[in-house]
Amino acid sequence: MSTPIGRLKRVVEESTVLAGRVLRGYLREPQSLFFSFVQPVMFVLLFRYVFGGSLGVLTARVGVSYVDFLMPGILVQTLLFGAAATSVGLAEDLASGIMERFRALPIARSSVLLGRTLADLVRNAATALIVVAVGLLVGFRPSHVGGVVLGVVVVLLFGYAVSWLFAIVGLFAPSAEAAQLMSFPVLFPLTFVSSAFVPIATLPGWLQGFARYQPVSLVMDAVRLEIVGPASRALLGVDLPTALLGSLVVAAGFVVVAAPLAVRRFGRLG
């Protein structure tokens, strides 16, 4: 009889193998991988050079350059869009029939979803590094290296947690195209009605409550305080311990709630 530790070890091994399968699939389609890296770079350049001149006036009042204010928001946005790719990938696997083969194998059903989310975590980590590198090229100057490392770790943890929510979307979607369309109504309000690109105080009063306390803003504020430093606090209205604790609690909550639901949905397919 297998022990809990033995079952856990088995799930880890199976998930690692399945994550490797997904990553090899990404490498076999370098064009898709390339353009997934290009999109966040375009956002950096767009907001840095097209909107940065006017929006920078808002942040300059407290001594924070707009590119420094912008980069944490771009990081979180990038990881959210990367997490949404989980839904598309699962929907594609369902349409191809490979999921039926996985269900017929003597493996834990959670391993299939763990493999997908772990592979997407690796891809998101590579994307985050590219975004930081491009930011440095266009004038991004973090307060210290440790803050950047901690900020990226927080963003990756949050992106991984959100990928479980999008796993549910992918398992319900009838096609990859539908999965992508179903993700947009979640992505856009959370990304743009937040502290990503402008201080929340500049939004209409009736919108500020949602923008300030929605989970994505909590993560952005935590990452911004870690990367930019205390100077950004005047723009955010929250301190680092509060924002960091809130972002970690939200991430943990997403995993605790969404992961069992996704595994349950996967078990009921077919």
Need the full-extension length gain, ARG264 to PHE34, defined as separation in residues times 0.36 nm minus the C-alpha distance. One decimal, nm. 79.5 nm
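What does the charge count around SER163 come to, taking other residues whose C-beta lies under 13 Å from its C-beta (Lys +1, Arg +1, Asp -1, Glu -1)?
Details: positive: ARG116, ARG123; negative: ASP120.
Around SER163, the surrounding residues sum to +1.
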With each pseudo-label sitting 7 Å past Cα toward Cβ, what's the LEU245-VAL186 distance in nm, one decimal? 2.8 nm
If one builds a Gaussian network model of the chain from Cα atoms under 10 Å apart, the most fluctuating residue listed among SER15, SER87, SER163 is SER15
Let me understand the range 4-268 better: what is its radius of gyration from the alpha carbons, and its Dmax, in angstrom? 19.0, 61
For every other residue with a beta carbon closer than 10 angstrom to the beta carbon of LEU269, add +1 if it is Lys or Arg and -1 if Asp or Glu, then tell me the sum. +3
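A short reminder: the numbers here are calculations on the coordinates, not readings from a lab. Predicted model only: the values in this text are computed from it and were never measured. Virtual Cβ from ideal backbone geometry, glycine too; neighbours counted across all protein chains shown.
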